[in-house]
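Asker: Please find one structure pasted underneath; my questions will follow.
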Amino acid sequence: MSTVRNDKIRQDRSGPEEVPTENSGMDKALPGTQDETQSKKRKNRWLELIAAYKLLQSLFLVAVGVGALKLLHQDLDDVLTNLALSLRMNPEGRMVSFLLDKAALLDDHKLRQISLFLFCYAAVGILEGIGLLLEKVWAEYLTAIITASFLPLEILELTHKVTAFRVGLLVANLAVLAYLVGHLVRRRLVRGVLA
């Protein structure tokens, strides 16, 4: 009888016996566990993809801006002719002649302006990218507005000449805009339901 009584006392001190259920431990993450931190840190993969796209685009713009600055105080005709020769192109061909005609319009002041514009646009792209990585609502709105503002220019470029690059850029920007607008609308609907 004393062993039954001792067992009863031990059971009372330890609390009631837990009966395992089908979903034991699956319903909720225990506080402080890895599952809880992972569920809190669940990131939006599409926003991360758009952020990576914006950051890569900014990196490209910075590279082109630096390249334009490197052309300061140089004879662009000589640079382009040497480039055409190194690429085994005919320096008197139609493409090279076109580039030489356009390069004749550039002076150091224009190259500085082009670089400044590219650096400013890259800075905005970096701001968009970092904001999207941090899942900031202002970055989603900024990216949607800027992407939408450049769509008419991209469509205009397509009316002049259709290339795979231009079509791909337009499709990518339309996809980014469609996702961001849908994401922002869903967010507003959820807020309206919760309010």
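Results for (1) surrounded by 13 or more Cβ atoms within 10 Å (Cβ to Cβ); (2) farther than 24 Å from residue 171 by Cβ, shown as yes or no for each residue.
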| position | (1), (2) |
| --- | --- |
| 50 | yes, no |
| 58 | yes, no |
| 70 | no, yes |
| 81 | yes, yes |
| 102 | no, yes |
| 116 | yes, yes |
| 131 | yes, no |
| 147 | yes, no |
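Asker: Which of the residues spanning the stretch 159-195 are assigned to a helix (DSSP H, G or I) and of a type in the set (Lys, Arg)?
Answerer: Once the filter is applied, which keeps residues that are assigned to a helix (DSSP H, G or I) and of a type in the set (Lys, Arg), the stretch 159-195 yields 166, 186, 187, 188, 191.
Asker: Return yes when residue 97 is among the hydroxyl-bearing types (Ser, Thr, Tyr), at pLDDT below 95 and in a helix (DSSP H, G or I) and no when it is not.
Answerer: yes
Asker: Run down 106, 80, 59 and say which single residue is more than 30 Å from residue 186 (Cβ to Cβ), among the aliphatic types (A, V, I, L, M) and in a loop (DSSP other than H, G, I, E, B).
Answerer: Among 106, 80, 59, only 106 is more than 30 Å from residue 186 (Cβ to Cβ), among the aliphatic types (A, V, I, L, M) and in a loop (DSSP other than H, G, I, E, B).
Asker: Quick check: anything in the stretch 117-130 over 30 Å from residue 45 (Cα atoms) and assigned to a helix (DSSP H, G or I)?
Answerer: The answer is yes; a qualifying residue exists.
The values are calculated or read from the model by the stated rules, or taken from the named source; none is laboratory data. The shown structure was predicted, so the numbers you read here are calculated from the model rather than taken from an experiment. FYI the Cβ positions are ideal-geometry reconstructions off the backbone, even for glycines, and counts take in every protein chain you see.
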